[in-house]
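Enquirer: Below is a structure I'd like to ask you about.
Read-outs: derived from the displayed coordinates by stated rules, not from any lab. Keep in mind the model is a prediction, meaning the values are calculated, not measured. Neighbour counts are summed over all protein chains in view; Cβ atoms, including those assigned to glycine, are modelled from backbone coordinates with ideal geometry.
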Amino acid sequence: VEIIVLSDPAAVGRHAARLIADTLAGKPDPVLGVATGSSPLATYAELAALVHNGLDLSRASAFALDEYVGLDPAHPEAYHSVIHRTVTVPLGLDPARVHVPNGSAADLRAACADYEAAIEAAGGIDVQLLGIGANGHIGFNEPGSSLGSSTRVKTLAPRTRRDNARFFGGEAEAVPVHCLTQGIGTILRAHSVLLVATGESKAAAVAAMAEGPLGACCPASALQLHERATVVVDEAAASSLR
Ligand code: F6R
């Protein structure tokens, strides 16, 4: 894992956007893996600025990491909506090329298999952008997740539901219990991965990811197995690294 420490969240967003633009440059049909949550927002804003200045992502495909089960896709906090608002529109992506796991499918297992097939049909993900949970999760692969897992139904950890309550009127009970998420194996199949983290609350998870033992207790530690994993953090998120 290559770790890049920068002074503040704005610098993290600028650097991550540059890395993504460089990775996708020259690819006729680039494929970007996108995350929701707060961490990547600065990166999306910087990418939007690059698009404004001539970067063309209109042929790019995008695959989201995860989605809640049972939320109407039109619900403002469904990742389907969140990705449309924060990624598809500002980056000028073609909505027909933006994919989010279908958390309202009648057959969720089939929806997961279809999602894996769609990633493969697109030629795999060129760069997967990731945030990290305070408990070390990536996507919604909570501690204990299998390191070889593919897209599947998972139950959110109580801590994650509390962390995400801010998007549901402060009510952890209002956060869906289940989700669909790319597996750790899916994430490891991306041709490169780029994790962004900022703030003191991520420091322990960042240290466990990069320096801790490889294992399911810290799902993000699986990135130690990836040959092209880059982590861009601010000084606060780097503060527990040795
Ligand atoms: C988002 C996702 C999660 C978040 C993580 C950090 O699609 O899969 O793993 O990246 O929970 O969330 P923030 O960035 O809000 O701290």
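Enquirer: To the nearest 500 deg cm²/dmol, what mean residue ellipticity at 222 nm is calculated for the chain from DSSP H runs of n ≥ 4 alone, each contributing -39,500 (n - 2.57), summed and divided by the residues?
Expert: Working: 7 runs with 68 residues, N = 242.
Only helices count here, giving -8000 deg cm²/dmol.
Enquirer: Rounded to whole Å, give me the distance from the Cα center of the stretch 60-90 to that of the stretch 141-193.
Expert: 14
Enquirer: Given 4 °C and 1.567 mPa s, how large is the Stokes-Einstein diffusion coefficient of the stretch 4-113 in µm²/s, with Rh as the Kirkwood radius over Cα pairs?
Expert: On the way: Rh = 14.7 Å.
It diffuses with D of about 88 µm²/s by this estimate.
Enquirer: Report, in debye and to the nearest 20, how large the dipole of the chain comes out about its Cα centre when Lys and Arg carry +1 and Asp and Glu carry -1 on their Cβ. Numbers along the way, then the final one.
Expert: Numbers: 17 positive and 25 negative charges, 33 e Å.
In total the dipole reaches around 160 debye.
Enquirer: Please list, by residue number, everything in the stretch 108-126 whose backbone N is under 20 Å from a paramagnetic label point 7 Å out along Cα→Cβ of ASP94.
Expert: Only 115, 117-126 pass the distance filter.
Enquirer: Residues with amide H under 5 Å of ILE125's amide H, sequence separation 5 or more or different chain, H placed in the peptide plane at 1.01 Å from N; which?
Expert: The list, which skips near neighbours in sequence, is HIS191.
Enquirer: Now a separate question. Would you mind calculating the gained length between LEU147 and PHE167 on full extension (0.36 nm times residue separation, minus the Cα-Cα distance), in nm to one decimal?
Expert: Values: separation 20, 0.36 × 20 = 7.20 nm, distance 2.85 nm.
Between LEU147 and PHE167, full extension yields an extra 4.4 nm.
Enquirer: Per the Kirkwood definition applied to all pairs of different Cα atoms, how many angstroms is the hydrodynamic radius of the chain? Please list the in-between numbers first.
Expert: On the way: mean 1/r = 0.0566 Å⁻¹.
Across the chain, the inverse of the average 1/r is 17.7 Å.
Enquirer: Follow-up question, since we're still on this one. Taking amide H positions as placed in the peptide plane 1.01 Å from N, state which residues far from VAL69 in sequence (5 or more) or on other chains have amide H under 5 Å from it.
Expert: Sorted by chain and number, the residues that satisfy this are HIS178, CYS179, LEU180.
Enquirer: Fewest to most neighbouring Cβ within 10 Å: what's the order for ARG189, ARG152? Spell out each step's value before the answer.
Expert: Numbers: ARG189 18, ARG152 22.
Fewest-to-most ranking of ARG189, ARG152: ARG189, ARG152.
Enquirer: Got the relative contact order for the stretch 2-234 handy, in percent, Cα pairs under 8 Å and 6 or more residues apart? Can you show the working numbers first?
Expert: Details: 486 pairs, mean separation 57.8, N = 233.
Result for the stretch 2-234 is 25 percent.
Enquirer: Still on this structure, I have one more. Please compute the modelled spin-label separation between ARG59 and ALA105, points set 7 Å along Cα→Cβ, answer in nm with one decimal.
Expert: Each label point lies 7 Å from its Cα, and together they span 2.9 nm.
Enquirer: Apply 1/(1 + (r/R0)^6) to the Cβ-Cβ distance of ALA117 and ALA49, taking R0 = 30 Å, and write down the FRET efficiency to the nearest 0.05. It would help to have the intermediate numbers written out before the result.
Expert: Working: r = 34 Å, r/R0 = 1.14.
Calculated transfer efficiency: 0.30.
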